[in-house]
Structure formats: structure tokens, C-alpha cells
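Inspection log for the structure reproduced underneath, given as C-alpha cells.
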Amino acid sequence: MKRRQLLFAIGGALIGVPVIGALIYDAIAKSKNQTTYEPAAAQSPTSVASNNLADANNEISLETTEEPLLRFAAIADNGFGSPDQFAVAKAMWETYQQKPYAFVLMAGDNIYSYGEIKLAKAYFEEPYAPLLKENVKFYAVLGNHDIIKSNNGLDQINYKPFNMSDRYYSFTQGDVKEGTVEFFALDTNSNAAWEAQLTWLDQQLAKSTAPWKIVYGHHPLYSSGRHGSNPELAAKLAPIFAKHKVHLYLCGHDHGYERFNAINGTTYIVNGGGGAPLYKFGRSPQTAFVSSQFSFMTFDVYQDKIITKAIATDGKVFDRSIITKTIA
Ligand SMILES: [Fe+2]
């Protein structure tokens with residue numbers, strides 16, 4: 001641990017960002033009692049995450065030369081100012097140069113450790129400078145760290161590069177009708193205006209005519225990481241997702257990657273390897289793939305499928321899946 005902290009400090013000094021907060025958080029994170037999990041069993045790096053059980057048994061090609069209607073990326077738990085964050089950011093940039101994506105979903109804990117907007121330059125603008133220069137937009141939501149010393153997150157909402165029109169909001173992307181996705185960005189913190197937000201989400205999803213519906217927020221409903229599943233959150237959100245046939249829920253909070261087989265028609269992915277210290281993950285019967293490593297994701301949206309890719313800091317895809325539109 002000492003060696004890691006030393007390397008961390010040297011790395012931080014070299015890239016000229018404050019690391020004291022990061023070091024404190026790292027030490028706290030490591031000193032906390034971690035739940036002991038069984039190591040993840042051997043697993044296939046590619047699989048089909050179908051929303052229809054029948055499709056899961058069919059051969060669906062994961063490789064295609066067909067250009068997607070829309071490509072986007074996603075990160076979470078990234079705003080740490082660490083060399084690991086910069087390594088993920090570098091891989092994001094290299095991937096972008098090969099396969100440009102239109103924007104990035106940023107699922108919270110955008111600025112460690114307390115959400116201070118004065119750190120946005122070091123923890124956001126610098127790591128993602130090449131992407132920002134190319135006008136790649138980031139759409140943020142508030143994580144638990146983002147509301148501590150930020151006027152309860154208001155400073156981040158008012159920070160233009162995070163593109164947050166409110167604490168929770170929706171937006172559509174995609175030029176071709178068949179490829180359009182509507183995104184629903186949530187505030188999943190415990191102090192959120194839950195009653196109003198759930199009514200809003202229910203109504204917005206009911207109104208949505210988008211062929212693809214994707215919801216994202218910071219906290220997982222289901223996870224085998226340190227924080228684990230959140231039955232309270234699942235009780236609030238899972239029935240709405242099932243009612244409106246939400247195809248995907250993306251989150252972070254647990255620092256690592258875990259993709260679940262579709263649960264009541266919705267694929268759940270924890271994508272928290274954006275740069276903060278990693279957690280140990282176990283696995284559940286619903287886990288399709290789990291790997292705790294620094295990473296980000298890309299999504300290729302087609303008329304009939306979304307191809308998901310989890311990408312490591314070496315640029316290699318370590319998990320890919322297909323989400324289909326049909327819901328049983
Ligand atoms: Fe978090």
C-alpha cells in the first residue's frame with residue numbers, strides 16, 4: 001500500500017494535480033472493512049445480454065462492419081485526479097480517434113472527494129482535454145461525493161461542461177429515427193426529491209416515443225461490489241423500468257465492472273472503473289460478466305440492437321454484449 005501511495009503521489013505531482021484529497025480517500029477506502037467475496041468464476045469475455053430469453057439462445061453476431069446509427073461512451077467514479085483516471089482518459093481518447101463517439105455519459109462521483117467545483121479543472125477538464133477540444137459533450141449526474149461541498153450539487157449543475165439541465169433530466173440523441181435513444185439522467189442520492197423524480201420519470205417514460213430508452217444514475221440497483229445491491233432503490237426504480245420497457249440502466253458507485261443478464265427486461269451494468277480506487281467484486285446468479293479494473297464503455301446503437309463494449313486502459317475490449325430491443 002505504501003508503494004502504491006508513493007507511486008500515486010509521484011504520478012499526481014508529475015501531472016500537476018492536487019493529490020492530497022485523493023490520497024486521503026485512497027487510505028480511507030483501503031482501511032474500510034471490505035466484504036469478503038469469492039473470486040469471480042471463469043467467464044466468457046463476450047456474451048449476449050438479450051432482453052428476450054429466446055434470443056439468448058440464438059447466435060447473434062457481436063462483430064459487425066455495419067456503422068452504428070449512434071455511438072456513445074460512458075464512465076463513472078472517474079473524477080479522482082489519479083494516474084488511473086488519466087490512463088482511462090487516454091484509452092478513451094485513443095478509442096475515439098479510431099471510432100468516434102458523439103458524447104459521454106458520466107454517472108457520478110465526477111469530482112472527489114467532496115464535489116468541489118474548484119477541482120473541475122484538474123479532475124475533469126485536464127484528463128478529458130482532447131475529447132473536450134473535439135466538442136465531445138459529457139452528460140453528468142450527481143454521485144454521493146458530488147453533493148458534499150458543492151451547495152448540494154448545485155455548483156456542478158451550474159457548471160456548463162457537465163450539461164446538466166437539472167438534478168434529473170432527459171435528452172434524446174440520434175439523427176435517424178430508428179436509432180434514436182432517449183436518456184433519462186437521475187439523481188439517485190438519498191436526499192433527492194424522490195417523490196417528484198419518480199413521478200417525472202414515470203411520466204417521461206410514458207411519453208417517450210424513442211425506440212431505445214436508457215436510464216442512468218450513480219447508484220446501482222444490483223451489484224456484487226463493496227456497496228452491493230440496493231433493495232430500497234430497486235423497489236423505487238425497477239417497477240418503473242419494467243413498466244416502460246427500459247432497455248438499460250447504467251451506474252457506478254461500486255468501483256469496477258459488472259454486467260447482469262436482463263432482469264425483467266432491463267440490462268443492468270455497473271461501470272465504476274473510471275479512476276477511483278477499485279473495489280473487490282463477487283458475483284451473483286444474475287451476473288453475466290464481472291471484472292474489477294479501470295475501464296470505460298462504448299455503445300454502438302443500431303435499429304435492432306445495441307452492442308456494448310467494456311474497454312480497459314490498454315484499449316482492449318474485455319467484455320462485449322448485445323442488448324436487443326424485444327422484451328418478452
Ligand atoms: Fe459513489
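Could you list, in sequence order, the residues of region 295-322 that are buried (at least 24 other Cβ atoms within 10 Å of the Cβ) and either aromatic (Phe, Trp, Tyr) or part of a loop (DSSP other than H, G, I, E, B) (or both)?
Result: 296, single match.
When both residues are 6+ apart or on different chains and their Cβ atoms are under 7 Å apart, which pairs have a first residue that lies in region 107-134 and is farther than 26 Å from residue 256 by Cβ and more than 12 Å from the ligand (Cβ to nearest atom), and a second that is polar (S, T, N, Q) and not in a helix (DSSP H, G or I)?
Within 7 Å, the pairs are 117/150.
Find the residue count for region 186-213, including only residues that are surrounded by fewer than 18 Cβ atoms within 10 Å (Cβ to Cβ) and within 16 Å of the ligand (Cβ to nearest atom).
Residues that pass the stated criteria total 2.
In region 242-263, what residues are buried (at least 22 other Cβ atoms within 10 Å of the Cβ) and either of a type in the set (Val, Ile, Thr) or part of a strand (DSSP E or B) (or both)?
Passing the criteria: 246, 248, 249, 250, 251, 257, 258, 259, 260.
For region 232-245, check the following and say yes or no: at least one residue is touching a His at 6+ places or on another chain (Cβ under 8 Å), within 14 Å of the ligand (Cβ to nearest atom) and either under 22 Å from residue 83 (Cβ atoms) or in contact (Cβ under 8 Å) with a residue 60 or more places away in the chain (or both). Write out each step before concluding.
Pass one, region 232-245, residues touching a His at 6+ places or on another chain (Cβ under 8 Å): 233.
Next, only the ones that are within 14 Å of the ligand (Cβ to nearest atom) stay: 233.
Those still in the list that are either under 22 Å from residue 83 (Cβ atoms) or in contact (Cβ under 8 Å) with a residue 60 or more places away in the chain (or both) too: none.
Scanning region 232-245, I find no residue that is touching a His at 6+ places or on another chain (Cβ under 8 Å), within 14 Å of the ligand (Cβ to nearest atom) and either under 22 Å from residue 83 (Cβ atoms) or in contact (Cβ under 8 Å) with a residue 60 or more places away in the chain (or both), so the answer is no.
Quick one: is residue 150 free of Cβ contacts under 8 Å to residues at least 40 places away in the same chain and within 16 Å of the ligand (Cβ to nearest atom)? Lay out the reasoning, then the answer.
On the way: free of Cβ contacts under 8 Å to residues at least 40 places away in the same chain: yes; within 16 Å of the ligand (Cβ to nearest atom): yes.
Yes; evaluated as a whole, the condition is true for this residue.
Restricting to region 204-228, name every residue that is of a type in the set (D, E, K, R) and in a loop (DSSP other than H, G, I, E, B).
Keep residues of region 204-228 that are of a type in the set (D, E, K, R), which gives 207, 213, 226.
Residue satisfying the conditions is 226 alone.
Find the residue count for region 99-134, including only residues that are surrounded by fewer than 21 Cβ atoms within 10 Å (Cβ to Cβ), within 23 Å of residue 180 (Cβ to Cβ) and of a type in the set (Gly, Ala, Ser).
1
Are any residues in region 66-87 under 30 Å from residue 303 (Cα atoms) and more than 16 Å from the ligand (Cβ to nearest atom), and if so, which ones?
Those that are under 30 Å from residue 303 (Cα atoms) and more than 16 Å from the ligand (Cβ to nearest atom): 66, 67, 68, 69, 70, 71, 72, 73.
Check 268, 279, 216 and return the single one that is buried (at least 23 other Cβ atoms within 10 Å of the Cβ), away from the ligand (no atom under 15 Å from the Cβ) and of a type outside the set (A, V, I, L, M, F, W, C). It would help to see each step written out before you state the result.
Working: 279 fails: away from the ligand (no atom under 15 Å from the Cβ); 216 fails: away from the ligand (no atom under 15 Å from the Cβ).
When all the criteria are applied, what remains is 268.
For region 135-157, enumerate the residues that are among the hydrophobic types (A, V, I, L, M, F, W, C) and buried (at least 18 other Cβ atoms within 10 Å of the Cβ).
136, 138, 140, 141, 142, 147, 157
Looking at this structure, is residue 160 surrounded by fewer than 17 Cβ atoms within 10 Å (Cβ to Cβ), of a type in the set (Lys, Arg), within 16 Å of the ligand (Cβ to nearest atom) and closer than 19 Å to residue 187 by Cα? Please lay out each step first, then the result.
Numbers: surrounded by fewer than 17 Cβ atoms within 10 Å (Cβ to Cβ): yes; of a type in the set (Lys, Arg): yes; within 16 Å of the ligand (Cβ to nearest atom): no; closer than 19 Å to residue 187 by Cα: yes.
So residue 160 fails the test.
Could you check, for region 141-151, whether at least one of its residues is touching a helix residue (DSSP H, G or I) at 6+ places or on another chain (Cβ under 8 Å) and closer than 25 Å to residue 257 by Cα? Lay out the reasoning, then the answer.
Start the filter on region 141-151 by keeping residues that are touching a helix residue (DSSP H, G or I) at 6+ places or on another chain (Cβ under 8 Å), which leaves 142, 146, 150.
Then keep just the ones that are closer than 25 Å to residue 257 by Cα; that gives 142, 146.
Among the residues of region 141-151, at least one is touching a helix residue (DSSP H, G or I) at 6+ places or on another chain (Cβ under 8 Å) and closer than 25 Å to residue 257 by Cα, which makes the answer yes.
So how many residues does region 264-282 have that are charged (D, E, K, R) and part of a strand (DSSP E or B)? It would help to see each step written out before you state the result.
Going residue by residue through region 264-282, those that are charged (D, E, K, R) are 280.
Narrowing the set further to residues that are part of a strand (DSSP E or B) leaves none.
The total comes to 0.
With the requirement that a residue be touching a residue at least 24 places away in the same chain (Cβ under 8 Å) and among the polar types (S, T, N, Q), what does region 180-202 give you? Steps first, answer last, please.
The initial filter retains those residues of region 180-202 that are touching a residue at least 24 places away in the same chain (Cβ under 8 Å), namely 180-189, 191-194, 197-198, 200-202.
Within region 180-202, 180, 188, 189, 191, 197 meet the criteria.
Any read-out appearing in this document is the output of simple, stated calculations on the displayed coordinates, not a laboratory observation. Model, not experiment: these values are computed from the prediction. Every residue, glycine as well, gets a Cβ built from its backbone with ideal geometry; the counts of neighbours run over all protein chains shown.
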